[in-house]
1. Out of the residues in segment 271-311 that are outside any helix (DSSP H, G or I), surrounded by fewer than 13 Cβ atoms within 10 Å (Cβ to Cβ) and modelled with pLDDT of 95 or more, state the one that is nearest to the chain's Cα centre (by Cα).
2. Answer with yes or no whether Cys266 is in contact with a helix residue (DSSP H, G or I) (Cβ under 6 Å, 6 or more places away or on another chain) and either modelled with pLDDT under 95 or outside any helix (DSSP H, G or I) (or both).
3. Before we move on, is Ala100 among the aliphatic types (A, V, I, L, M) and in the same structural domain as Arg160 (by TED's automatic domain parsing)?
4. Considering segment 102-146 alone, what residues qualify as being at positive phi and of a type outside the set (Lys, Arg)?
5. Would you check which residues across segment 69-106 are modelled with pLDDT under 90 and outside any strand (DSSP E or B) and list them?
6. Within the set of pairs 6+ apart or on separate chains, which have a first residue in segment 281-303 that is in contact (Cβ under 8 Å) with a residue 40 or more places away in the chain, a second that is among the polar types (S, T, N, Q) and part of a helix (DSSP H, G or I), and C-beta atoms under 6 Å apart?
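The values are calculated or read from the model by the stated rules, or taken from the named source; none is laboratory data. As the structure is a prediction and not an experimental result, all values here were calculated from the model. Neighbour counts are summed over all protein chains in view; Cβ atoms, including those assigned to glycine, are modelled from backbone coordinates with ideal geometry.
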Amino acid sequence: MATLGVVMSGTGGIWRVRTITGDTLEVSLRGRLKKGNADALKLTVGDDVRLDREAHGKSWAIAEIFPRRSQLARRVPGGGHGERIVAANVDQVIVVFATAKPEPHVRMLDRFLVIAEGNNLEARIIINKMDLADEAGARDRFRAYERAGYPVHYTSVKKRLGLDELHDALAGRTSVLSGPSGVGKSSLLNNMYPGLNLRVGEISESVNKGRHTTVGAVLHPLPDRGYVVDTPGLREVGMWGMPSEHLDGCFPEFRPSLDRCRFGDCTHVSEPDCEVRAAVGRGDISSERYDSYAKLRAELEETEKKWANSKPVTHSPRKRGR
């Protein structure tokens, strides 16, 4: 007897799987899948799986992991060599930042967006806790992202601002919510979907950094179709397998200029007749976004020198129009 399901979470070798009938089962992973070859999929949240009953008939085991249509991957923490799959079969990445408490760091936001682009995933931005900010000032601060083509949602649980529009953006899709600790991801979900009962973290007044409340990525089914993957607050955002020459394609506002540079392998840092830098000079590309690109490019080039003898799996962002 077999049934199909989707992996919701996992810890200590036990996985919670939601079946196509809506039941939630705690299951193990078949031994042959644990011992799979190097090319075999490593089970993660969001994977579609087939469950078979064990021989004694009282429990279930994951017997097959189906091919993924997409995944969100990042570098292993600590600057390690390799990638960590955050979630599988993702439709969109939603990056959540707060207007204050904690203060937003746009370069970290740019890193999240580059990781989404590098995984060929659509991205949205949530600017939360709008009750703590001047709305006009907040919108002006993040206007460059709207100009780049990213949908930006300005939200507040206390003011009930922007929640209906965000609710519609989540319906029927599998969305990964990511961002630093303490920005209110769990509070947003609890408010839009009563019954999820996610733990809400407190902000440490002494260091102004959110405490970690989510231990690992967890897939939550939404009442009106779709899923949300709630991820731990990330203090470090690393890219894995992103060749430095592909980074420019991860900045949507750069794309109209990429084929107009004088040199086909232009790094957009020092070459003459660079259309990207010309667009920055005209104000068509935000200087802050360009600075993020330049710093990330230098970081990637340094990493490439460090790992020159390694062969990471590369993710090449598609030149997706917006």
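1. Of segment 271-311, the ones outside any helix (DSSP H, G or I) are 271-274, 283-286, 307-311.
Filter once more, keeping what is surrounded by fewer than 13 Cβ atoms within 10 Å (Cβ to Cβ): 272-273, 283, 307-311.
Cutting the leftovers down to modelled with pLDDT of 95 or more gives us 272-273, 283.
Numbers: Pro272: 35, Asp273: 34, Gly283: 28 Å.
Ranking the qualifying residues of segment 271-311, first place goes to Gly283.
2. Values: in contact with a helix residue (DSSP H, G or I) (Cβ under 6 Å, 6 or more places away or on another chain): no; either modelled with pLDDT under 95 or outside any helix (DSSP H, G or I) (or both): yes.
So Cys266 fails the test.
3. Values: among the aliphatic types (A, V, I, L, M): yes; in the same structural domain as Arg160 (by TED's automatic domain parsing): yes.
So Ala100 fits the description; yes.
4. To start, the set of residues in segment 102-146 that are at positive phi comprises 120, 129.
Asn120, the sole residue that qualifies.
5. Val76, Pro77, Gly78, Gly79, Gly80, His81, Gly82
6. Pairs found: Arg297/Ser244; Leu300/Ser244; Glu301/Ser244.
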